[in-house]
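Bear in mind these aren't lab numbers, they're just calculated from the coordinates by the rules spelled out. Because the structure is a prediction, the values reported are computed rather than measured. Quick reminder, even Gly has a Cβ in these numbers, built from the backbone with ideal geometry, and neighbours come from all protein chains shown.
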Amino acid sequence: MASTEAAATQQQRGSRGGGKLYRGDLGMWSWVAHRITGVLTFFFLFVHVLDTALVRVSPEAYDKVIATYKEPFFVLFELGLVAAVLFHALNGIRVMLVDFWGKGPRFQRPMMWTVLVIWAALMIPGSYHLLAKAYSMLMGGM
């Protein structure tokens with residue numbers, strides 16, 4: 001009887017113990033990150049369509065907007081866009097493999113770590129290049 005009560009208490013607290021808050025694991029966080037990067041990419045595309053459409057309305061306003069995008073501060077947005085699109089693409093491939101490959105669910109966790117390693121391997125040199133560009137722009141180059 002006591003073991004049944006202890007098991008019920010443990011089940012109420014969650015599998016990790018210590019409260020009712022679900023802290024998630026790698027799969028849950030990849031799901032959240034996939035949704036966030038998808039929304040951010042959609043937002044970029046929406047803004048891109050709007051500023052491109054501006055060329056038909058007012059070419060001068062379009063030139064001002066494009067000049068604003070060339071400021072060093074916007075390199076950070078460019079870096080964020082690259083990071084979001086790259087993660088979204090790599091994680092999307094992983095999701096397709098999990099859904100359509102018979103052994104996908106069994107290898108879900110190693111595939112997620114592979115996505116993260118590839119993402120980091122591509123983002124580190126990309127970040128260096130973009131931040132070096134911003135630094136050069138701030139110091140009077142380009």
ask   = Taking segment 56-86 on its own, how many of its residues are of a type in the set (Ser, Thr, Tyr) and surrounded by 12 or more Cβ atoms within 10 Å (Cβ to Cβ)?
value = 2
Pick from segment 87-114, criterion among the β-branched types (Val, Ile, Thr) and surrounded by fewer than 15 Cβ atoms within 10 Å (Cβ to Cβ), ranking: nearest to Arg35 (Cα to Cα) = Ile93
message = Tell me the residue from Met112, Met139, Met123 that is touching a residue at least 40 places away in the same chain (Cβ under 8 Å) and farther than 14 Å from Ala89 by Cβ, please.
response = Met112
remark   = Within segment 63-89, residues being over 10 Å from the mean Cα position of the chain (by Cα) and assigned to a helix (DSSP H, G or I) number 13
